[in-house]
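The block underneath contains the structure these notes are about, expressed in C-alpha cells.
The values are calculated or read from the model by the stated rules, or taken from the named source; none is laboratory data. Given the structure is predicted, the values throughout are model-derived calculations rather than measurements. Positions of Cβ are generated from backbone atoms using ideal geometry, with glycine treated the same way; all protein chains shown enter the neighbour counts.
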Amino acid sequence: MRTSLLLILCGFVGAEAAPQEDPAGVEFFEKKIRPVLVDRCFSCHSSTAAKLKGGLKLDSLESALKGGDTGPAIVPGHPEKSPLVDAVSYKNIDLRMPPKGKLPAEQIADLTEWVKRGAPWPKDKSTAGGPKKEDFNLAKRKAEHWAWAPLRADAPPAVKNESWPKQPLDRFLLAKLEANGLEPAPPADPRTLLRRIAFDLTGLPPPPEVVEKFAADPSEAALNSLVDGWLASPQFAETWARHWLDLVRYAESRGHEYDYLLPNAWHYRDYVIRAIDQDLPYPKFLTEHVAGDLLPEPRLEPKSGANESVLATGWWYLGEWLHSPVDTRVEELDRVSNQIEVFGKTFLGLTISCARCHDHKFDAISQKDFYALAGFLKSSNYRQVRFDTIEKERQAARDLERLRDERERAVIQAVAAAARPVVSKLAAYLEAAAGPEKDAGGRQLDPERLAAWIAHLRKAADDPQDPIHAYAVAVRGGNLAALAAKERARQAAAAKALENAEVLFDFTKPEPVEWTQDGVTFRRLVAGDAGWGTDPRRPLQEILPWGALRADPAWQSLRLAPKTQTDSSHRSWVDSGRMARTATFALRRTSLYSLVRGAGHAFIEVDSHRQVNGPLHASTVISWKEEGRRWVAQNLRHYPSPDPERPLHRLHVEYTPASPDFQVLMVVQADAPPGDPFDLPYRPILDVLETSPAPRALTEAIQKIFGDAFERMATDTEAARIADWIVRHPELFGPVPPEASDYVAARAKIVSSVPAESRTSPAILAGPAADEYLLIRGNTAAPKEAVPKRFLEAFGGGGGGGRLELARQMTDPRVTPLVPRVAVNRIWHHLFGRGLVPTVDDFGRMGLRTAHAELLDHLAVRFGELGGSTKKMVREIVLSSAYRMSDGPSARALEIDAANTLLQHRTPRRISAEAVRDAMLAVSGRLDPAMYGPPVPIHLDGFQDGRGRPADGPVDGAGRRSIYLSVRRNFLSSMLLAFDFPQPFTAIGRRSMSNVPAQSLILRNNPFVHDQAAFWAKRLVAENRPVEERIDAMFRAAFGRPAAADEVAAAKQLLQDVATMKALEAGHVDVWKELAHTIFQAKEFIFVR
Amino acid sequence: MSHSCGRYARPLTRREMLQRCANGFGAVALSSLFGEAFAQDKADLVRRGLHHAPRARNVIFLYMDGAPSQIDTFDYKPMLEKHHGKDPKDVIGRVEKTQFDNNGKVMRPLWPFKRRGESGLWVSDLFPHIGGCIDDLCVVRSLTSNFSEHTSANYFLHTGTPMQGRPSMGAWVSYGLGSDNQNLPGFIVLNGGLIPVGGLDNFNSGFLPASYQGSVFRPADPPVANLKRLEKTQELQQRKAGFVKALDAKVRAGYDEQFESAVRNYELSENMEAVAPETMDLSKESEETKKLYGLDHPFPQTALYARQCLSARRMVERGVRFVELTCPQISGADRWDQHSGMKKGHEDNARAVDQPIAALLKDLKQRGLLDHTLVLWAGEFGRTPFAQGSDGRDHNPYGFTVWMAGGGVKGGFAYGETDEWGYKAVQGKLEMHDLHATILHLLGVDHKKLTVRFGGRDMRLTDVHGEVVRELFA
C-alpha cells in the first residue's frame, strides 16, 4: 500500500528541467542530504539495494527525477509537489518513509529546503554505479530456451541393439543409453510387469487369475489384449481422471473461514472421468476446458441431450473463495492469479502468475502477458449452468424466434383489428360515457363496452397516469389550466430526472447496449415491441413504450432438479438460466440505481466477488416485490475510488425476475436518487390542454392517437404508450382475438418441450468483453493502462477474440508447441514415476531440463498423429521396452547416472494414496464398482475440527473408490493426506512421495484398515479351502505372486499363535482377520516395482 | 520373492540418494532428513549445516486466536483516555476500512495499566501473571499484517502468504532443523479446542513433504490420530508386527531406499505409540508444578490451557522442535475476537491463558530451558482504538503487539511504537515477514537460504521479503 500510493502520487507530478550547478547548493547537498540518502534511503532505493523498492533509485539526480514506476520522486523547487518530501514528513498516513521510523525533524527540514532550492546535485557524480540490470527481452528469452522452440519431428535414431526397441520411442531412449555406454535393464518378470501395469492403468492390484493366466502365457498377444482391456475399463478412466483433478485443484468447497460448499462440483469430476473413458482427444478436452461454453456445437450426452462441453469450464472456479474480503479488489487479484497459475501450469507448463508483479524473472513472459490473460476472466463470470437443459432451451429459444418471425405481426394485427370497433368510435364512446343519458343512443355503440367506459371515466378523473384523465377532468368541469400546468411540471421533472446521474446502460433507446445472459429468459425489446404473457385470456401482456430487457414469463417454470446444491450466500434466489447481466463498468458514484418494472432480484458483482456472506457486501444483494416501474437503489459507498479517473472497483449487475412482467429499463450510478424519466404526460393531450382546452378537442385528440396507435407504435413512443394502454384494458376494447391465444399456446408448447428441471454445475459465462489493467507491482491501488486480452506474446499474442480463439491458438502445435509437450510428459510421468521433464508443471528455465529432448518431441508429435488420444499414447508407452524394464541399476548406471535421468532401469514406487485405500477395498472384496455421482462424505477423525465441519461419513467410504470421496478443502481425508494426496491449492502435476511414520501408524491402527482386514477374512473363511491354499490366495491377491513355502509356514504359525492368544479356533474369522491385517501392513502391498 | 541374485548393484543408501538429488534441498534440510540429533555444541551445529550459531533450539508458539487488543494489554495509550467517546474521524483522522464497517467512538482501555517489573514496561491488569514476567518479555509493539480478515491473516501469520496450501512456520522450522526426538513429530500442535479460522491448513506442510505438517495433539487419549492400537493386547500387536517385519525382510533386499525407509518408519511408528502418550501424561509432574500452571484452577479453560502449557514444556524437553498451542474454547466469547462484549470476552480469554503462560515461562526458566526455547505470543492482528458498536473493537492490522521470551531475545524490552492512538505502527514498523525472518535467525537459519523449489521458484517462508530485527536480540 505504502509503495503503491507513492507511485500513484508520483504519477501526477510532472518533472521539471534539472537545475544549473549551484556551488552553495552542492555543498548543502553533500553535507546535509547525501548522508541521509545513503543512511536511510539507499538500502531500498539505490543501485546497490539488495532489493529495489518501487522502482525508485535515489542515487543520482537523474534517477530521482525519473523516479519510481510511475514518475518523479522530487520536483525541484516544489517541496509541496514532491512525494519524497511528503513521505519523509510522515503526515500522509499511507506514505511514510523511511518505513521503519521517522527521520529527525532537522533532516526533514533539510530535505524540504534542498528540494526548495531546486535539488542541487553535483554533476556527473552519481553516488553509486553498480551493474545495470539486464532489461527484460522477451524475444531473446524465447530464443534462448528450448521449451519455446517448435516441435522437432526427428526420425527415430539408429541403435546398435536392434532387437531391443519395440516402439519407435525405444530407439530414442536406447540411442541415449548407448551413447553413454549403458545397457537397458533386462525386462521385468511377467508378474512384476502385470502388477505395474495394473496399478498404472487401473489404480488397483491385478486380479490373481489374470496374473496367473499371464504368467502361464506371457506372450505379446496376451499383453496387448490385457492392456487393451484395462485401457477400456472404467477403472482406467477413474485413475487417470484423478491425475487430472490434481492439476485443476479439484475440491468441492471453497476453503477459508467457513469452507462453504462449491455446489455440484462433482459434475466436473464426472465429466473428466467420462472424457477419459471416451478418450476425448486432448485438443478437444483442452478446448472444452478453456471455452466449452462457447462452442457452436457442444458435445451432447447422447441419451439426455445434456451439454457435456460446458461442464469442463467449471475448473476455472475450483479454487479458494473468500466470503467477506475487506478489499474485494485484492481478493479478486489473488483469485485470478490462482486461475492463471493453474491455467499456465496445467496446459502450458509455465509459471505465468509469477508475472503478476513484474516481468517474469526467468521466462519469456511479460507482466503484460499476465494481465492480457486476466482479461479473459474479467470478461467472464461464474455461474451454475443448467447443463441438462441448456441446449434444449437454446433450441426452444430459436424456435420461439422463428415463431415470432412467422406469426407475431399477424397476431398483433388481429389484436388491433379486434380493438378497432371501439377505437374507431372512441370519441363517441367518450362522449356517450360523459353525456347525461349515458346511453348508446343512435351511435351504434356496444352497451357492454359503454358501461365499462362509464365506469372507467369515473376512475380516470382521479388517475393522472390515465390518457383519459384530462377528458375526465374536463367533463367534470375541472380546472384544465391547472392540470396543464401540473402536466407541464411533470414533463419538466422527467426531463431533469437524470441530470445528476451517470447513465450506464440504457435499454429504453434503440442503440446497442452490451449485455449477456445465462439462459434464454431475457430478450432485448425495443419501443413498440410486444410483450407476451402465458395466460391465454391475456396473451398480449403489453406493448413496450420504451425498450427494455424483458424476461419472458414463458420461462418462469424453470426449476432445479431435486438435490441440486445451491450457493450459500446472501442471495436467496436461484439465477441459473434466468439471469441477465450488464457489461462491466467502473464505479464512480456512491450508489447504483436500476430502473425496473416488476418484482425481481439484483446482484452486483464487485471485482468478481460472489461469495457474499458475512458482514460486508450485503448491499450488493437486493430483492424487491413491488410491481410497478421504480428505481431500485443499492448503496455502494463501501467501494470508493479515491480518484475517479482511476476507479479501483469494477462491477456488473445481474438481474433475475421474480414476477412475470419483469424488465430492466436503465441502470445509472449517482450520489442521490434519480427521478423517473418516464413519468410523462401524454404529449398530444398536453398539446390540446395548452392550445384549446375543451372536451371536444380532447375527444378528437384521443380519437386520433388511439385510432392509429397500433400502426404507429413502432416509431412513436406516444402511440406505443396508447397501444400498451389498449392491450392492458381488454374490458374497454373487447376480448382478445383467438389468434393471440393460439400464439401464446404455440409459444407455451415450444417451451414445454424443454424439461423444467435441470441439474446445474459450476461453469463460466462469457460476458461483454472487458480488459484488465496492468497493475504496477501487482498492486491493485496502482492501475496503469488496460491491457487488451490476448494469448502470450511468446506464442504470437494476437487473438483477443475471446476464449474460443484462445483455445484455437493453444491447440495448434505450430503456435503452442508446449501444449503437446506438457501433455505427453504428464503421461510419461504417470507411467514412469518421473516425467522426461521432471518438473512436469514447469518447463521454464527454473524447471529441470530433460535428458531426452528428442524423445519428448517425438512423443509430442506422435500424440498429434494419434489424434491427441491419451489411451493410444499410453498404450504405445506401456508396450514399449522402456516401460517393461526391471528395477535396479547396472553398476555403470550407478556410476555415471545414479539419479537415473537417462532411464536405464525402472525405479520402484510406493502406490498413490488412493491406490493404497482402493487396493485394500479391492483385495477385501468390499470395493463397490459404482461409477459417478455425488461424493461420499469422508470419515472425519476426532482431530479434524474447525468451522464448516461437514457431516461425518462412513469409515469405509461406502466401499467406493477414493475418487468418489468428498474433497472439502478444510477437511481433507487425513488418511489420504498422509499418503500425499495433494492440497488442492494449485496445479500439482507431481505429487510429493513422502515416507513417514504416520503412514505406518495408519496401516497399524486406522479403523478403516482393520475393517477391511475383517471384511477380507470373512470372505476368505466363507470359501471353504485348505489353510495353505487360502494363505497362498491372500498373497496372490495382495502381492500379485504366490506365497513361498516359508511364508506359508510363517503365516500358519501366526494363525496358530493368534488363535492361542485370542482363545479361538485357528479357523475363526477373527484369527484370519489378524493375518489379513498383517498383509495390509507389509510394505510389498504398497510398493510397485 | 527376493531377486537379489547379485546381478544388481547394491541399493543406494539414504545419504547417497539425497546427495544425488539434483533438485535437492539445502544443507540445512539435509540434516533433518537424516534425522540426526543435534549436538549441543553450537559450532558443531553450524558445521553440520546451520547458517550461523543459533540462539534458540525450540519454539513454543502461543497462538492467540481471534486477535487480542494491543491497546488493552501491552500498548498503553493515554490519548485514548483523553479522547474517549469522540468521533475517531475528528481526532484520529482517516479511519481505514474495517471488517464490519460499523465503527463507533474512540474507546479507552478497558483495564488499567501499570508499570511492572524492573523494566517498568506497561502491562494492563488483564494479564497480572504475565505482567509479573515482564522482565523476561521482549514486547514488539509495531507488528503489522496485510490482511484484516481472520482467514487470510491467519495464513499470513502462520505461512507468510494469505492463501491455503503453503507450509506453516512450524513446518519450515522442522524441515530446516529436523527433530531431536525421532519418536515424536518435529512440529506439534496442541489443540486446546479452537482450530484457527482457515482450519488445519494453518499447520500444513504445503509443498514440503507431508512429514513436516503439524501433528495435531489433543488433550485426550489417544492424543494423536491412529496412535492407539486396536488389538486387544500389546502381545498380539507385537506378534503381528513380527510377522510384518519378517515379510518385509524377505523382500527388502531387492528394493530401493524408499522401501527401506518405509521399513524404518514402521519401527518408528511403534516407538511413537509408546512415547507420545508418555509425553502427554502429566501424572508424574509434582503437585507444585501442577499448581503453578493451574491444573487445579476452577475455571475449566484455565485448567485445560495449563495442561497444554505443561505438555508443551514436556515436548520441548523431549526435543520437539516447534510446538504451537491453540486457545481453549470459551462459551460466550468467540476466541479473542470481541466485536462486542469486549470486557467479558477478553477477561475470560485472559483468565484462561494468563496463569498457565506465566507458569510456563517460570518453569522453562527454572529448568534452564528458556535459554534455548523461544516463546512467541501472537494473534493474527490487533484491534481498533475506536469501538465497534458500543462495546467491541474491530480488526486492526496496522499496528499491534506480540511478544517473545527466551531463545536469545532481550527481556524487559519493548521495541517499536504505534501512533499515539495505538492504531498504526510508526516506529520500528515490522512486517510479518520480518517476524518470520527474525525467528528463523534465532534458530540459526538464514531465512533467505531456507528455500524449496516449487512452481518454478525457490520458495521461502518470507517469500521475497523479510529483514531480521537484530535489535531484539539479547
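Brief remarks follow.
- Count of residues meeting criterion [more than 14 Å from residue A:822 (Cβ to Cβ), touching a Ser or Thr at 6+ places or on another chain (Cβ under 8 Å) and modelled with pLDDT of 95 or more] in the range A:841-879: 0
- Selection status of residue B:255, more than 19 Å from the chain's Cα centre (by Cα), at pLDDT below 85 and at the interface with chain A (Cβ under 7 Å from one of its Cβ atoms): yes
- Filtered residue count, the range B:134-173, keeping only those that are modelled with pLDDT under 95, β-branched (Val, Ile, Thr) and surrounded by fewer than 24 Cβ atoms within 10 Å (Cβ to Cβ): 1
- Check on residue A:428, under 28 Å from residue A:707 (Cα atoms), small (Gly, Ala, Ser) and assigned to a helix (DSSP H, G or I): yes
- Here A:1073, A:1052 are screened, and the one residue that is out of contact with any helix residue (DSSP H, G or I) (no Cβ under 6 Å at 6 or more places or on another chain), surrounded by 15 or more Cβ atoms within 10 Å (Cβ to Cβ) and charged (D, E, K, R) is A:1052.
- Members of the range B:316-334 that are assigned to a strand (DSSP E or B) and either more than 25 Å from residue B:171 (Cβ to Cβ) or among the polar types (S, T, N, Q) (or both): B:330, B:333
- Of all residues in the range A:983-1007, those that are surrounded by 17 or more Cβ atoms within 10 Å (Cβ to Cβ), basic (Lys, Arg) and either in contact with a strand residue (DSSP E or B) (Cβ under 9 Å, 6 or more places away or on another chain) or more than 7 Å from chain B (Cβ to nearest Cβ) (or both) total 1.
- In summary, helices (runs of 4 or more DSSP H) completely within the range B:124-230 and bearing 3 or more residues that are touching a residue at least 40 places away in the same chain (Cβ under 8 Å) and under 15 Å from the mean Cα position of the chain (by Cα) occur at B:150-159, B:169-177.
- Evaluation of residue A:568 against (1) out of contact with any strand residue (DSSP E or B) (no Cβ under 7 Å at 6 or more places or on another chain); (2) at pLDDT below 95 (one fails), failing number: (1)
- Residue list for the range A:288-341, restricted to those being outside any helix (DSSP H, G or I), more than 14 Å from every other protein chain (Cβ to nearest Cβ) and under 13 Å from residue A:761 (Cβ atoms): A:292, A:293, A:301, A:306, A:307, A:308
- Answer residue from the range B:447-466, given it is touching a strand residue (DSSP E or B) at 6+ places or on another chain (Cβ under 9 Å) and surrounded by 16 or more Cβ atoms within 10 Å (Cβ to Cβ) and is nearest to the other protein chains (Cβ to nearest Cβ) among those: B:453
- Restricting attention to the range B:95-124 and to residues that are within 14 Å of another protein chain (Cβ to nearest Cβ) and β-branched (Val, Ile, Thr), the residue that is surrounded by the most Cβ atoms within 10 Å (Cβ to Cβ) turns out to be B:98.
- Residues that are more than 9 Å from every other protein chain (Cβ to nearest Cβ) and not polar (S, T, N, Q) within the range B:178-209 comprise B:178, B:180, B:184, B:186, B:187, B:188, B:189, B:190, B:192, B:203, listed in sequence order.
- Boolean, residue A:384 is under 27 Å from residue A:265 (Cα atoms), at pLDDT 95 or above and part of a helix (DSSP H, G or I): no
- Filter pass, residue A:597 being at pLDDT 95 or above, surrounded by fewer than 18 Cβ atoms within 10 Å (Cβ to Cβ) and not polar (S, T, N, Q): no
- Test: residue in the range A:713-720 that is under 30 Å from residue A:563 (Cβ atoms) and either in contact with a Lys or Arg (Cβ under 8 Å, 6 or more places away or on another chain) or in contact (Cβ under 8 Å) with a residue 60 or more places away in the chain (or both): no
- Condition check for residue A:945: among the acidic types (Asp, Glu), assigned to a helix (DSSP H, G or I) and either under 33 Å from the mean Cα position of the chain (by Cα) or at pLDDT 95 or above (or both): no
- Among residues of the range B:259-283 that are within 17 Å of residue B:188 (Cα to Cα) and at the interface with chain A (Cβ under 8 Å from one of its Cβ atoms), those with a Cβ under 8 angstrom from a residue that is in a helix (DSSP H, G or I) and among the small types (Gly, Ala, Ser), sequence gap 6+ or separate chain, pair up as B:268/A:1000; B:269/A:998; B:269/A:1000.
- Assessment of the range A:993-1000 against the conditions (assigned to a loop (DSSP other than H, G, I, E, B) and touching a residue at least 24 places away in the same chain (Cβ under 8 Å)) yields at least one matching residue.
- The range A:960-982, subset part of a loop (DSSP other than H, G, I, E, B) and within 7 Å of chain B (Cβ to nearest Cβ), residue modelled with the highest pLDDT: A:969
- Strands (runs of 3 or more DSSP E) completely within the range B:353-419 that count 1 or more residues being among the charged types (D, E, K, R) and in contact with a helix residue (DSSP H, G or I) (Cβ under 9 Å, 6 or more places away or on another chain): B:382-388, B:392-396
- Among residues of the range A:188-213, those that are in contact (Cβ under 8 Å) with a residue 60 or more places away in the chain, β-branched (Val, Ile, Thr) and more than 17 Å from residue A:832 (Cα to Cα), counted: 1
- With respect to the conditions (1) under 20 Å from the mean Cα position of the chain (by Cα); (2) more than 24 Å from residue A:862 (Cα to Cα); (3) in contact (Cβ under 8 Å) with a residue 24 or more places away in the chain, residue A:808 lacks only one, and its number is (2).
- Where helices (runs of 4 or more DSSP H) fall wholly inside the range A:783-902, the ranges with 3 or more residues that are away from every other protein chain (no Cβ under 14 Å) are A:803-810, A:818-832, A:853-865, A:870-878, A:881-884.
- Only one of the listed residues (A:506, A:518) is under 28 Å from residue A:381 (Cβ atoms), in contact (Cβ under 8 Å) with a residue 12 or more places away in the chain and in contact with an Asp or Glu (Cβ under 8 Å, 6 or more places away or on another chain). That residue is A:518.
- Qualifying residue in the range A:1008-1018 (condition: more than 11 Å from every other protein chain (Cβ to nearest Cβ), among the aromatic types (Phe, Trp, Tyr), touching a residue at least 12 places away in the same chain (Cβ under 8 Å) and not in a loop (DSSP other than H, G, I, E, B)): yes
- Any hit, the range B:147-168, residues being of a type in the set (Lys, Arg) and away from every other protein chain (no Cβ under 12 Å): no
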